[in-house]
Amino acid sequence: MERDRIEAARSFVLSSKYRKHVLKGLARATLATPTELAENTELQRSHLSRAISELREEDIVELHAPEERTVGRYYGLTDFGEEAWEHLRTDILQVEWQDPDPTTETSSRLVETVTHRLGDKLRFVGMYDGDAARLLYADDDALAEYTEQELTDGARELAFRRVNLDLNIPNKECWAQVYFFDPEALLIAQNSDGTLYSVSFAPYQDVDIAGLLDTIESTVLQTGHGD
């Protein structure tokens with residue numbers, strides 16, 4: 001019975017780009033208003049509001065505010081919506097594996113910068129632009145350690161889980177930080193247009209972390225990704 005309900009939810013969500021966007025947005029943001037879900041997209045707020053209403057009727061989305069409130073109407077996923085998301089997220093996220101040949105100036109500059117600073121410690125460089133995850137650089141030895149499915153799962157995790165980070169830091173147009181998972185370190189950075197970058201390297205003990213972060217923020221992220 002529950003499986004049938006999940007399959008019905010899958011068909012319902014995937015049949016509308018607006019419902020897919022709402023589900024993806026709430027899975028990433030936890031709570032959001034229709035206006036926030038419409039930011040950085042070409043989708044009209046009225047269409048997203050309608051999609052939210054449709055998803056509420058299917059017990060996928062719920063309102064986290066009094067019904068009579070006209071502003072600050074925050075929505076989130078229900079328990080069933082969270083369960084449905086776990087089954088749907090691989091259908092919604094497009095993962096594009098590219099040759100290590102970045103196609104934008106900022107992507108190229110990022111790979112050049114971290115290659116210069118990290119040398120043979122550099123393992124992977126990836127990005128997520130809101131639509132697709134891309135592998136910008138992969139060390140051959142590091143690549144051999146993973147199956148294609150493991151790399152795909154890692155890209156999805158970057159895109160949707162954002163390694164459990166809250167990247168909505170006020171009054172900052174770009175942001176970067178390093179997290180340590182022995183023996184590897186992971187640098188996560190977000191620029192002003194919301195593009196998320198990841199850089200993994202090992203070992204990290206003799207890397208100038210502060211210098212690396214300063215370089216990423218000052219020479220890579222400040223210029224934006226769509227130049």
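No lab work stands behind these numbers, since they all come straight from the coordinates. Here the structure is a predicted model, which means the values were calculated and not measured. Reconstructed Cβ throughout: ideal geometry from the backbone, glycine too, with neighbour counts over all protein chains shown.
With a Cα-only, solvent-free Debye model of region 30-94, what are the log10 I(q)/I(0) values at q = 0.29 Å⁻¹?
Log10 I(q)/I(0), no solvent term: -1.35.
Could you tell me the ratio Rg/Rh of region 8-63? Both radii from Cα atoms, Rh via Kirkwood.
Radius of gyration relative to Kirkwood radius: 0.92.
Take peptides 119-125, 181-187 and line them up by average Cβ neighbours within 10 Å, highest first, as a rough protection proxy.
119-125, 181-187
Using the beta-carbon distance between PHE180 and GLU68 and R0 = 41 Å, what value does 1/(1 + (r/R0)^6) give for FRET efficiency, to the nearest 0.05?
Given R0 = 41 Å and the Cβ-Cβ separation, E is 0.30.
How would you rank 49-55, 64-70, highest first, on the average number of other Cβ atoms within 10 Å across their residues?
Peptide ranking by packing, descending: 49-55, 64-70.
Let me check I've understood the local charge: for ASP208, count other residues with C-beta under 10 angstrom from its C-beta, Lys and Arg +1, Asp and Glu -1. What total comes out?
-1
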